[in-house]
Amino acid sequence: MTEDSLALAAIRKKLIGKTLNYQEIFAVMDAISHERLSPILTTYFAASGYSKGFSNEEMFYLTKAMIETGEKLQFKGIVADKHSIGGVPGTRTTLIVIPIVAAAGFRIPKSSSRAITTPGGTADDMEVLAPVTFSKEEIYHIVNKTNACIVWGGSVDIAPADDELIKVEEPLLFESFDKILVSIMAKKVAFGSNHIVIDLPYGKYVKVHNKSDAQTLKNKFLFLAKKFNVTLEVYLHNTIQPVGRGIGPLLETKDALQVLEQKPDRPIDLEEKGITLAGLLLDMCLRDSNKKLRDRIKSEFGGGKNWARYILASGHALKKLKEIIKAQGGNSDIISEELIPGTYSFSVKSERGGTVNVIDSHNVTIIAKILGAPTQKRSGLYLHKKSGELVKPGNVTVTLYSETRKNLNEAIDSLNNFPILKYN
């Protein structure tokens, strides 16, 4: 049986709920990564994973096959990384965490994805500041120069089968939990990461709806980490709303820059989330660092979180991001005030008073996509009011931005069907 025939047989087998072995899974991943499988057949395989799920061993085989059918990068020593499973728009912590960890002296090459279920992926957001498409050799050069990079993984053929699967999942705004695990771990391991923090939010309006499912995902992450001999921690937390206020590539990037610049009106929730994740990652890296460094950080800061806070407040993180932007060919002199959203805008005003108790992240995503995000990088929305905040009659609660009048009008017309805020 040829490899392609084996791949077809494996898809049929999985569609009826049977378990696949490594040879079968490798055949499917190889056919997808080399574009020998049609989009329809790729969709069938993605759907089979969504409806039937994969065993732990199958997930290991999928991850391994994704890695083996693409390029791999290798770095010496501690290689840090942070990844969120996504699903929460307006939570762009990566642009804060990466420069903090790199400024601390640890290597942290970040392979990022385009948006799948949100109005902007990390690669989409970083592209506001600098190019994200580089060759393997160029990435090595950037990382050697700055200790970090924030690039699009698809440009270097890292786990290419995953990028093809994303293409068929994106229109329906879904990813199976098992596919999320495999996608993240394949790209982390292929990129050479060995110290990883996974940000795993759960809540009614995000990808994972309850703590039980989140705990199951956490256990599966730990299973794969052990299989690939990497150090991994999962930050599991309940999430009721975006931690930032901007939604869409430019507005999310502006939020992150305001935090790095320590602006008085910066989104504090986003800052605290970034510090928490960076602190966890620094603590992981410190445990495998030399005793002299461990003792110094313990003496001066007590731990990774306070160290992260110092790096941010002192301006070292902002300086490091500017180094990364410059190394990636962007304008390192850019400041948050220069990031201007779409020309066409509309202010949503409250008809009555009350207190915001819900930000519907799912509806936020729908409206932001109608506005044009992430393809139109300056399109999106800004949350003037968030959960727990008081609203008076006539207050502006949300501002919509778009690069086209048509998209803006469609989004305005859709607000009744997809309300963003709910309040008492």
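The values are calculated or read from the model by the stated rules, or taken from the named source; none is laboratory data. Because the structure is predicted, anything quoted here is derived from the model rather than measured. With ideal geometry, Cβ positions are generated from the backbone for all residues, glycine too; neighbour counts draw on all protein chains shown. To get the accessible areas, we keep the full protein, side chains included, count just its heavy atoms, and leave off ligands, DNA and RNA. Shrake-Rupley method; radii C 1.70, N 1.55, O 1.52, S 1.80 Å.
Among the listed residues T19, T94, which satisfies the condition of being of a type in the set (S, T, Y), buried (at least 22 other Cβ atoms within 10 Å of the Cβ) and either at pLDDT 90 or above or more than 16 Å from A186 (Cα to Cα) (or both)?
Answer to the selection: T94.
Quick grid of which residues meet (1) touching a residue at least 40 places away in the same chain (Cβ under 8 Å); (2) in a loop (DSSP other than H, G, I, E, B):
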position	(1), (2)
P99	yes, no
P109	yes, no
P131	yes, yes
I139	yes, no
S155	no, no
I158	yes, yes
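Which one of these is closer than 30 Å to L293 by Cα and in contact with a strand residue (DSSP E or B) (Cβ under 9 Å, 6 or more places away or on another chain): A214, A148, A130?
A148
Tally up the residues in the range 192-239 that are within 20 Å of T118 (Cα to Cα) and among the basic types (K, R), please.
2
For the range 178-202: of the residues being β-branched (V, I, T) and either open to solvent by 10 Å² or more (accessible area, probe 1.4 Å) or within 12 Å of S84 (Cα to Cα) (or both), which is modelled with the lowest pLDDT?
Result: I180.
Among the listed residues I359, I367, I334, I325, identify the single one that is farther than 18 Å from G246 by Cβ and touching a Leu at 6+ places or on another chain (Cβ under 8 Å).
So the residue among I359, I367, I334, I325 that is farther than 18 Å from G246 by Cβ and touching a Leu at 6+ places or on another chain (Cβ under 8 Å) is I325.
Out of all the residues in the range 395-405, is one or more part of a helix (DSSP H, G or I) and open to solvent by 40 Å² or more (accessible area, probe 1.4 Å)?
The answer is yes; a qualifying residue exists.
Out of curiosity, is L381 within 16 Å of G248 (Cβ to Cβ) and assigned to a strand (DSSP E or B)?
For L381, the condition - within 16 Å of G248 (Cβ to Cβ) and assigned to a strand (DSSP E or B) - is met.
Out of I166, I247, I150, report the one residue that is over 26 Å from A104 (Cβ atoms), at pLDDT 95 or above and under 18 Å from the mean Cα position of the chain (by Cα).
None of the other options fit; the residue is I247.
Out of all the residues in the range 272-293, which are open to solvent by 30 Å² or more (accessible area, probe 1.4 Å), under 19 Å from the mean Cα position of the chain (by Cα) and among the hydrophobic types (A, V, I, L, M, F, W, C)?
Result: L280, single match.
Six or more apart or on different chains, Cβ under 7 Å: which pairs go from a residue in the range 282-305 that's among the aromatic types (F, W, Y) to one that's surrounded by 12 or more Cβ atoms within 10 Å (Cβ to Cβ)? Could you list them?
F301/W307; F301/Y310
Residues are listed down the side, and each one gets a yes or a no for (1) farther than 23 Å from E389 by Cα; (2) modelled with pLDDT of 95 or more; (3) among the β-branched types (V, I, T); (4) open to solvent by 50 Å² or more (accessible area, probe 1.4 Å):
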| position | (1), (2), (3), (4) |
| --- | --- |
| F221 | yes, yes, no, no |
| L224 | yes, yes, no, no |
| Y235 | yes, yes, no, yes |
| V243 | no, no, yes, no |
| Q262 | no, yes, no, yes |
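Just to be sure I understand, how many residues within the range 310-365 are surrounded by fewer than 19 Cβ atoms within 10 Å (Cβ to Cβ) and more than 22 Å from A256 (Cα to Cα)?
10
Considering (1) within 22 Å of V168 (Cα to Cα); (2) open to solvent by 10 Å² or more (accessible area, probe 1.4 Å); (3) modelled with pLDDT of 95 or more; (4) β-branched (V, I, T), say which one I78 fails and leave the rest.
If we test I78 against (1) within 22 Å of V168 (Cα to Cα); (2) open to solvent by 10 Å² or more (accessible area, probe 1.4 Å); (3) modelled with pLDDT of 95 or more; (4) β-branched (V, I, T), just (1) comes out false.
Checking E35 against (1) within 30 Å of the chain's Cα centre (by Cα); (2) at negative phi, which test does it fail?
(2)
Output the residues belonging to the range 309-325 that are touching a residue at least 60 places away in the same chain (Cβ under 8 Å) and among the basic types (K, R).
Correct list: K319, K320.
Does at least one position in the range 392-414 carry a residue that is of a type outside the set (A, V, I, L, M) and within 14 Å of Q241 (Cα to Cα)?
No, the conditions are met nowhere in the range 392-414.
Which one of the conditions (1) under 30 Å from A278 (Cβ atoms); (2) part of a helix (DSSP H, G or I); (3) open to solvent by less than 10 Å² (accessible area, probe 1.4 Å); (4) not charged (D, E, K, R) does F60 fail to meet, given that it meets all the rest?
Failed condition: (3).
What number goes with the only condition from (1) more than 13 Å from the chain's Cα centre (by Cα); (2) among the hydrophobic types (A, V, I, L, M, F, W, C); (3) modelled with pLDDT under 95; (4) open to solvent by 20 Å² or more (accessible area, probe 1.4 Å) that V208 does not pass?
The single condition V208 does not satisfy is (4).
How about the range 141-151: which of its residues are open to solvent by 30 Å² or more (accessible area, probe 1.4 Å) and either touching an Asp or Glu at 6+ places or on another chain (Cβ under 8 Å) or part of a helix (DSSP H, G or I) (or both)?
Of everything in the range 141-151, those that are open to solvent by 30 Å² or more (accessible area, probe 1.4 Å) and either touching an Asp or Glu at 6+ places or on another chain (Cβ under 8 Å) or part of a helix (DSSP H, G or I) (or both) turn out to be H141, N144, K145.
When the residues of the range 22-50 are filtered to those that are loosely packed, with under 14 Cβ neighbours inside 10 Å and touching a residue at least 60 places away in the same chain (Cβ under 8 Å), which remaining residue is nearest to I180 (Cα to Cα)?
P39
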